[in-house]
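The next block holds one structure in the form of structure tokens; read it before the comments.
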Amino acid sequence: MNFSLPPDVSFQKTKINGYYTYIFRHTTLGEIGRIIVQPLPNGETNMVTEIPAGDDPNMEKRKAIFIPLSEEILGLMGKVAGKGTYKGKLPPRPNTSQNELVRNHQIPCEKCGQLAVVLIFPPHAIEKGHFEDYARKMYTQYRNWNVDTWIIGTPAGPRDGANTPTNILKVWPEKGELIHTTANEFNMHLLRVLDSHCSG
């Protein structure tokens with residue numbers, strides 16, 4: 001029985017809140033879904049699929065990849081393990097959510113005092129997929145802030161003060177491409193954005 005994941009999808013097995021969980025990731029979309037192993041009272045297991053919560057623009061892309069992929073995986077597992085015999089009520093859906101506080105820095109306009117810029121600092125963001133994870137997790141917040149918002153990655157090269165290379169992604173009001181820059185270069189751009197806040 002031959003099966004292989006798409007070349008841009010990988011998975012990791014871990015244990016979250018007591019449940020063995022297979023986390024599937026896409027190289028540019030970040031986490032796209034999970035398959036959770038749920039023990040049943042008779043010793044069998046129930047496989048539960050889960051798509052990361054969020055209403056960001058990439059939700060449909062994640063679903064389009066993970067739903068058929070998970071259906072294929074569960075179908076193959078069913079052929080190998082056979083049909084279960086458990087007839088009772090299923091236990092409550094496993095909870096594999098993980099609370100996470102993400103630091104952000106809110107910068108007001110010096111002229112009007114209103115919020116002008118937000119910088120989001122996730123604990124670990126270097127690759128494109130990492131940035132997409134936090135673009136999804138923080139989407140509701142930065143949509144409500146409705147100001148220029150960037151996700152600032154962790155250092156992506158040798159540390160050299162303000163010249164340390166870093167990846168940065170603009171996520172609001174329009175989403176940009178992941179750029180590779182330094183704090184010095186980005187701060188110059190940021191000053192121009194702040195100076196133009198009340199120019200109109």
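The values are calculated or read from the model by the stated rules, or taken from the named source; none is laboratory data. From a predicted model like this one, the values you see are computed outputs, not experimental measurements. We place every Cβ from the backbone using ideal geometry, glycine too, and count neighbours over all the protein chains shown.
Checking every residue in segment 169-189 against the condition of being farther than 30 Å from Ile32 by Cα, outside the structural domain of Ile51 (by TED's automatic domain parsing) and basic (Lys, Arg) gives zero matches. Within segment 116-127, if we keep just the residues that are modelled with pLDDT of 95 or more and buried (at least 16 other Cβ atoms within 10 Å of the Cβ), the residue that is farthest from Asn104 (Cα to Cα) turns out to be Ala116. Residue count for segment 41-66 satisfying the condition of being assigned to a strand (DSSP E or B), buried (at least 16 other Cβ atoms within 10 Å of the Cβ) and in contact (Cβ under 8 Å) with a residue 40 or more places away in the chain: 2. You will find that of Val37, Val9, the residue that is surrounded by 11 or more Cβ atoms within 10 Å (Cβ to Cβ), modelled with pLDDT of 95 or more and more than 30 Å from Trp145 (Cβ to Cβ) is Val9 and no other.
Of all residues in segment 164-188, which are of a type outside the set (A, V, I, L, M, F, W, C), surrounded by 13 or more Cβ atoms within 10 Å (Cβ to Cβ) and not in a strand (DSSP E or B)? Explain how you work it out, then say what you get.
Step one: filter segment 164-188 for residues of a type outside the set (A, V, I, L, M, F, W, C), giving 164-167, 170, 173-177, 180-182, 184-185, 187.
Going one step further and asking which of them are surrounded by 13 or more Cβ atoms within 10 Å (Cβ to Cβ), we end up with 164-167, 170, 175, 181-182, 185.
Within segment 164-188, Thr164, Lys175, Glu185 meet the criteria.
Can you find, within segment 152-163, the residue that is surrounded by the most Cβ atoms within 10 Å (Cβ to Cβ) among those that are of a type outside the set (Val, Ile, Thr) and within 29 Å of Pro57 (Cα to Cα)? This residue is Gly153.
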